[in-house]
1. Would you pick out the residues in the range 76-133 that are in contact (Cβ under 8 Å) with a residue 40 or more places away in the chain, aliphatic (A, V, I, L, M) and in contact with a helix residue (DSSP H, G or I) (Cβ under 7 Å, 6 or more places away or on another chain)?
2. In the range 11-118, which helices (runs of 4 or more DSSP H) lie fully inside it and hold 1 or more residues that are in contact with a Pro (Cβ under 7 Å, 6 or more places away or on another chain), within 16 Å of ligand 1 (Cβ to nearest atom) and open to solvent by 20 Å² or more (accessible area, probe 1.4 Å)?
3. Identify, please: which residue in the range 1-10 is in a loop (DSSP other than H, G, I, E, B) and of a type outside the set (S, T, N, Q) and is, among those, surrounded by the most Cβ atoms within 10 Å (Cβ to Cβ)?
4. Does the range 226-243 hold any residues that are within 19 Å of residue 260 (Cα to Cα) and in contact (Cβ under 8 Å) with a residue 40 or more places away in the chain, and which are they?
5. Could you pull out every one of the strands (runs of 3 or more DSSP E) wholly within the range 154-269 that has 3 or more residues that are touching a Leu at 6+ places or on another chain (Cβ under 9 Å) and not small (Gly, Ala, Ser)?
6. Which ones in the range 216-250 are more than 16 Å from ligand 1 (Cβ to nearest atom) and open to solvent by less than 10 Å² (accessible area, probe 1.4 Å)?
7. Report the residue count in the range 125-153 for those that are crowded, with 19+ Cβ neighbours inside 10 Å and within 23 Å of residue 252 (Cα to Cα).
8. So which residues in the range 191-214 are within 16 Å of ligand 1 (Cβ to nearest atom) and in contact with a Pro (Cβ under 9 Å, 6 or more places away or on another chain), if there are any at all?
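The values are calculated or read from the model by the stated rules, or taken from the named source; none is laboratory data. Remember, predicted model here, so these are calculated numbers, not experimental data. Here the Cβ is made from the backbone with ideal geometry for all residues, glycine too, and neighbour counts use every protein chain on show. Just so you know, the surface numbers come from the protein's heavy atoms only, side chains and all, with ligands and any DNA or RNA stripped out. Shrake-Rupley method; radii C 1.70, N 1.55, O 1.52, S 1.80 Å.
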Amino acid sequence: MTPFSFLHLTDIHIVAPGRGELYGLHPAARLAEAVESIARRHGPGGPAPASFAVITGDLAHWGEPEAYAVLAQELARLPIPYYLLIGNHDDRTAFRVAFPQAPVDEAGFVQRSLKTLVGRFLLLDTNESGTHAGRYCERRLAWLSAQLAEDEEPVFLFLHHPPVRVGIHRMDSIPLLDAAGLWEVLRPHRERIRHLFHGHLHRPLAGSWHGIPTSSLRGTAHQVALDLAERETVPGSHEPPAYALVRVTEEDVVVHTHDFLSEAPAFHL
Ligand SMILES: [Fe+2]
Ligand SMILES: [Fe+2]
């Protein structure tokens with residue numbers, strides 16, 4: 001089959017206009033560069049068309065309504081549909097005001113199911129007010145359970161917080177805290193869960209969780225350094241920003257990370 005392609009972006013961290021730089025850069029300008037790259041490469045008729053983009057949270061650094069307004073304005077320039085998750089830096093209420101068209105579940109969590117040519121994409125909400133760690137409570141689990149009971153389609157999971165610890169001390173203190181409960185709900189469906197995409201770590205990462213392949217990537221703004229020392233701060237870095245082009249067939253899932261600001265010379269081998 002022709003691969004089904006979509007984009008994975010994460011950790012945009014927009015700040016409200018007038019608040020200046022965040023860690024020495026302008027997240028909205030960085031997002032604009034990503035949108036331009038996507039428009040050149042991944043729109044209909046482009047060299048690597050993608051069906052849509054999924055953005056796995058930390059959309060706004062402080063969750064201000066003005067930051068979400070900037071985000072909406074910028075994403076409107078995308079040549080493809082986009083689907084948003086929220087992360088620990090987001091404010092669910094402000095998000096829902098800025099994106100009233102974004103579906104929520106019966107309890108108001110920003111969760112949705114997308115039916116695609118390659119299976120069901122489940123976008124989970126791990127935001128919990130008052131903490132940077134992720135939660136996936138009984139009500140959210142009930143929604144997930146009901147979605148999984150609807151059919152036997154292959155499943156692709158998206159969530160901001162990773163269920164795995166990666167060795168970066170401060171980030172490992174704010175992971176998905178309810179990973180065990182999540183696994184209990186997923187376990188009976190393990191054979192049809194093809195991949196788990198997450199954000200939060202601002203790093204290119206691949207691995208597995210209970211045998212489920214996982215991946216993440218750098219954000220479009222600031223990054224987290226590969227620094228495993230025990231310290232109480234997050235080790236930041238200005239490694240290049242990225243988005244990912246994901247290609248899926250019945251047999252495989254391939255994740256290409258693209259450093260969209262790279263000026264490294266291209267040539268033919
Ligand atoms: Fe983040
Ligand atoms: Fe995060």
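1. 78, 86
2. Working: elements: 27-41, 65-75, 92-98.
Because the criterion is at least 1 residues that are in contact with a Pro (Cβ under 7 Å, 6 or more places away or on another chain), within 16 Å of ligand 1 (Cβ to nearest atom) and open to solvent by 20 Å² or more (accessible area, probe 1.4 Å), the helices (runs of 4 or more DSSP H) in the range 11-118 that meet it are 27-41.
3. The first filter runs over the range 1-10 and keeps only residues in a loop (DSSP other than H, G, I, E, B), leaving 1-3, 10.
Checking which are of a type outside the set (S, T, N, Q) leaves us with 1, 3.
Working: 1: 9, 3: 14.
Step by step, filter the range 1-10, then rank; the result is 3.
4. As a first pass, look at the range 226-243 and keep what is within 19 Å of residue 260 (Cα to Cα): 237-243.
If the condition is that a residue be within 19 Å of residue 260 (Cα to Cα) and in contact (Cβ under 8 Å) with a residue 40 or more places away in the chain, then 238, 241, 243 are the ones that fit.
5. 155-159, 193-198, 212-216, 243-248, 253-258
6. Matches in the range 216-250: 246, 248.
7. 1
8. Scanning the range 191-214 gives 198, 199, 200, 201, 205.
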